[in-house]
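Shown next, in structure tokens, is the structure this report addresses.
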């Protein structure tokens, strides 16, 4: 495993043997929408372009920031478009414990619907990893 990026709110780890990227979010209760976007560019987008993963686990279990509709649209236009372009085939999300954050992440995924990338939400990391690797 190789740490590709580590910031104040997220970290990205790449497992070469599975072509698996893992993004984990933490300390997001004081994060702003603008800082969230910066972390997506500096962390997620950088890691995707640098590693070209086939499968991607996004651990939002500790995510507490409700994502605004404007930010959801921004993600669709500036981040999610790079998933398939950089080889991602499957994307699994670990659900946040806080309902409002969970709902906003689901809405963000709906906004970024892309038939080239299979997406699924999980409560359990082992189930998510098993699905990604299947």
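The values are calculated or read from the model by the stated rules, or taken from the named source; none is laboratory data. Not measured: the values here are computed from a predicted model. Virtual Cβ from ideal backbone geometry, glycine too; neighbours counted across all protein chains shown.
Kindly indicate which of 92, 50 is within 21 Å of residue 122 (Cβ to Cβ) and in contact (Cβ under 8 Å) with a residue 40 or more places away in the chain. Explain how you work it out, then say what you get.
On the way: 50 fails: within 21 Å of residue 122 (Cβ to Cβ).
Of 92, 50, the one residue that is within 21 Å of residue 122 (Cβ to Cβ) and in contact (Cβ under 8 Å) with a residue 40 or more places away in the chain is 92.
Taking residue 128 as the residue in question, decide whether it is at pLDDT 90 or above and crowded, with 16+ Cβ neighbours inside 10 Å. So that I can check it myself, show each step before the final result.
On the way: at pLDDT 90 or above: yes; crowded, with 16+ Cβ neighbours inside 10 Å: yes.
Spelling it out, residue 128 is indeed at pLDDT 90 or above and crowded, with 16+ Cβ neighbours inside 10 Å.
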* To do: With the checklist (1) in contact with a strand residue (DSSP E or B) (Cβ under 8 Å, 6 or more places away or on another chain); (2) at pLDDT 95 or above; (3) surrounded by 15 or more Cβ atoms within 10 Å (Cβ to Cβ); (4) not in a strand (DSSP E or B) in hand, flag the one item residue 61 doesn't pass.
  => (2)
* Structure fact -> Note on segment 8-20: residues free of Cβ contacts under 8 Å to residues at least 60 places away in the same chain and outside any helix (DSSP H, G or I) are 8, 9, 10, 11, 12, 13, 14, 15
* Which listed residue is modelled with pLDDT under 90 and surrounded by 20 or more Cβ atoms within 10 Å (Cβ to Cβ), from 92, 101 -> 101
* Asked: Just for segment 34-58: of the residues that are assigned to a loop (DSSP other than H, G, I, E, B) and more than 13 Å from the chain's Cα centre (by Cα), which one is surrounded by the fewest Cβ atoms within 10 Å (Cβ to Cβ)?
  -> 52
* What about residue 27, is it under 23 Å from residue 71 (Cβ atoms) and touching a strand residue (DSSP E or B) at 6+ places or on another chain (Cβ under 8 Å)? -> no
* Asked: Does residue 29 satisfy being surrounded by fewer than 18 Cβ atoms within 10 Å (Cβ to Cβ), in a helix (DSSP H, G or I) and either more than 15 Å from the chain's Cα centre (by Cα) or touching a residue at least 60 places away in the same chain (Cβ under 8 Å) (or both)?
  -> yes
